1. Among the residues of the stretch 524-566, write down those that are among the small types (Gly, Ala, Ser) and at positive phi.
2. Can you find, within the stretch 50-63, the residue that is nearest to ligand 2 (Cβ to nearest atom) among those that are outside any strand (DSSP E or B) and touching a helix residue (DSSP H, G or I) at 6+ places or on another chain (Cβ under 6 Å)?
3. Checking Thr332 against (1) outside the structural domain of Leu455 (by TED's automatic domain parsing); (2) surrounded by fewer than 21 Cβ atoms within 10 Å (Cβ to Cβ); (3) within 16 Å of ligand 2 (Cβ to nearest atom), only one condition comes out false. Which one?
4. Considering only the stretch 299-349, state which residues are assigned to a strand (DSSP E or B) and either within 16 Å of ligand 1 (Cβ to nearest atom) or over 25 Å from Lys252 (Cβ atoms) (or both).
5. Return the only residue of Ala398, Ala408 being part of a helix (DSSP H, G or I), modelled with pLDDT under 90 and over 19 Å from the mean Cα position of the chain (by Cα).
6. Six or more apart or on different chains, Cβ atoms under 9 Å: show the pairs whose first residue is in the stretch 20-38 and farther than 15 Å from Arg451 by Cα and whose second is part of a helix (DSSP H, G or I) and of a type in the set (Gly, Ala, Ser).
7. Name the one entry in Gln454, Gln459 that is surrounded by 22 or more Cβ atoms within 10 Å (Cβ to Cβ) and touching a strand residue (DSSP E or B) at 6+ places or on another chain (Cβ under 6 Å).
Amino acid sequence: MVQQQISPKSSSQQEQPEKVYLPRTSESEILKKIRHTASHVMAMAVQKLFPKAQVTIGPWIENGFYYDFDNPEPFTDKDLKAIYKEMVKIINRKLPVVREEVSREEAERRIKEIKEPYKLEILSDIKEEPITIYHLGEQWWDLCGGPHVENTGELNPKAIDLESVAGAYWRGDETKAQLQRIYATAWETPEQLAEYKRRKEEALRRDHRKLGKELGLFIFSDLVGPGLPLWTPKGTLLRTLLEDFLKQEQLKRGYLPVVTPHIARVDLFKVSGHWQKYKEDMFPIMAEDEEAAAHEQGFVLKPMNCPFHIQIYKSELRSYRELPMRLAEFGTVYRYEQSGELGGLTRVRGFTVDDSHLFVTPEQLDSEFLNVVDLILSVFGKLQLKNFKARLSFRDPASDKYIGSDEAWEKAQGAIRRAVEQLGMEHFEGIGEAAFYGPKLDFIFRDALEREWQLGTVQVDYNLPERFDLEYVAEDGSRKRPVMIHRAPFGSLERLIGILIEEYAGDFPLWLAPVQARLLPVGDAQLDYAKDVVAKMRDFGIRAEVDVSGDRLGKLIRNAEKEKIPVMAVVGAKEVETNSLSIRTRTSGELGTVPVSEVLDKMKQAIANYDNL
Ligand SMILES: [Zn+2]
Ligand SMILES: [Zn+2]
């Protein structure tokens, strides 16, 4: 199609609204003040309308704030509207927010006077004196540390939204009182609120749990357990495509595939240090009897693959000629995440790491590290992920959660810094983000909704070679210690797929789509032709299928759209006659009637180039 000439005045750049930046509460002093104050205003409004409501706590959260109330009845949507109206009145009265310092005894006296038992408990948690009280005008006050705006008039009612109500227990303890939690948000400007709502809606539309179900990629089962996804045929195909893609890349780069078991003696993890430093995150020991259990003997599910690969390295005396040795496995590991933390694919209890461990001489470290980064960048490119930065995840020298000497840490951190500087990559430091055995270079990806996710990682490790007493025979015949690089471009396959689903909003690039083309015959008369074309496509390595439902064309198209099939090929009498297909794609719309041979060539080429049609 020929694009109409666009005059410079109406260029899309000018029409596009300016990008609204949404800081998190922790990043913004003004948002802290606004949200703190808004939560007090909300509590005051609730107590005005519901005199029986008792206030408890109302902290800010990263995108807003909440307040927990003890109220005989749950709040309804109608109540929320009324509360909001009351808040607007309080804001319009421009009540001064006044700080007062009182003694513990005085605070206690005042709390008893207004009969608010929760506040007494809160007071007993406050260790420092004096106690600070904040007043909204003359009639309402709360215990609080601040900060706040100076008067309620500084809040913009059009930038406040009461979002939802949920049940919550006092102190998160289900044996205690059931409270009503109102989630709300407040911003500096109505534009920020509008952008926040837009992103919330978009996040819902892209939610991988919802899309994963609609696209038939994975399921969860209560009987199997939380955090343990089951991959259905289409999802399995997607996983396999990603695995095969990386395996091919790795073979080209001299990686050696290995397979290791899912369980091992706990002793393996005692030597590696995982048991000492990482026990809380592991599933408990499978001990054969009580005696074994008492001595912490038995098998555990592996939380990491490293010690297994180390055993393979160590199974023979290695020569410098064999190095670098790059052992690679799609290894499934198990971690005991708290069930409250589990949600969809981004946090699971069993997941597959595209793990590899490189055993290198100290002299090879820098160049091997660069090779790994190069592989990761190439993988991201093919996945069409562009928006990421590198984080230098170093240890926090003040913490005792790390193993190894200061010297080893300095050397490892130095290697990472040199690599990043040599590549001129955009980066930032994350102190305290290192693994317990070594520093990492992490790739932090920012998605379409400006949320951050950790994807690939590379780690330099002088410690595990030490703990497992690894050696190689150097050129001069002496025994030397190799350095290890741990790396995983995808990170976890589960997490990556969750992120990809959301980033693509379910529209996978052609090379990754489980079904790449669907043929839509207008009637039964075209069925045989459609099947023939599908057979040809499959010969070409294209994943194609025919919709044999016999539904009307409109419905066939709607279903294919819903399932986000990249290429739809309508087959009517004319197409059969001319040996062609009427092509419609997700990314480019109608392409018109195209000869079958041309469709095959174009698709094959697009797939090979990791491109869309
Ligand atoms: Zn406050
Ligand atoms: Zn490792």
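The values are calculated or read from the model by the stated rules, or taken from the named source; none is laboratory data. Since this is a predicted model, take the numbers as computed values, not measurements. Neighbour counts are summed over all protein chains in view; Cβ atoms, including those assigned to glycine, are modelled from backbone coordinates with ideal geometry.
1. Scanning the stretch 524-566 gives Gly541, Gly550.
2. Taking the candidates together, the pick is Glu62.
3. So Thr332 meets the others, but not (1).
4. Result: Phe299, Val300, Leu301, Val333, Tyr334, Gly343, Arg347.
5. After ruling out the rest, the residue left standing is Ala408.
6. As it stands, the answer is Lys32/Ser26; Ile34/Ala159, since those pairs meet every condition given.
7. Criteria check complete, one pass: Gln459.
Condition check ((1) β-branched (Val, Ile, Thr); (2) crowded, with 18+ Cβ neighbours inside 10 Å; (3) over 28 Å from Ala194 (Cα atoms)) across all residues:
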| site | (1), (2), (3) |
| --- | --- |
| Ile57 | yes, yes, no |
| Gly64 | no, yes, no |
| Tyr67 | no, yes, no |
| Thr76 | yes, no, no |
| Lys85 | no, no, no |
| Asp142 | no, yes, yes |
